[in-house]
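Report on one structure; see the data block that follows.
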C-alpha cells in the first residue's frame, strides 16, 4: 500500500444498522485492522423524528431519548465485537435532520482521515450513482470518502468481498 493509505489514523464509518451499512462497516473495520487505524462508528438520530401513531406529542422527549439509547446500545455492541478483534474503536451519536452534513461535521471535528460509507444502488433505467446522504458527504467532506455501492441484500457477502478487493485499488 502507498504511504498515503498508511497515514489513515482515523476512519469514520457512518452506520444506520442496515445491511448496506453493516457491509460497509466490515470494509472499514478491515481497513482499520490492516492499517492500525482507529475506527469511529457514527449513527445519526433524526432531530425531529416522525412519531409513531401510538406515541403522544407529550411523550416526544421520552421517545427521542429512547432513540438515542437504542442507538447507543447497538453501537456499543458492535464496538465490543470489533474491540475483541483488536480494533481500536469508539462511537459517536449525532442528532440532525441533515444526516450527510452531520456526518461531515463529526468527520471534521475528529478529524477523520477517511470516511467509509455505503449507498443504496438502484437498478434499471433509474440508476443513480449514490444516495443523497452519501452524495452530500462526498461533496462536502474535507477528507477522502470511500463510497461502497450496495447490491441486493442476498448478495451481501459477494458485495463485501468485491468491495474489499477493490478498496485497495481505490
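Where a number appears in this text, it was derived from the coordinates with a stated rule and is not lab data. Since this is a predicted model, take the numbers as computed values, not measurements. Here the Cβ positions follow ideal geometry from the backbone for every residue, glycine too, while neighbour counts run over all protein chains shown.
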Note to self: Just want the ordering: 73, 136, from fewest to most Cβ atoms lying within 10 Å of their own Cβ.
What the structure shows: 73, 136
Checklist line | Approximate spin-label separation residue 139-residue 73, in nm, with each point projected 7 Å along Cα-to-Cβ | finding: 3.7 nm
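Which order results if 91, 119 are arranged by neighbouring Cβ count within 10 Å, fewest first? Intermediate results must be reported in sequence, preceding the final value.
On the way: 91 17, 119 22.
In order of increasing Cβ crowding within 10 Å: 91, 119.
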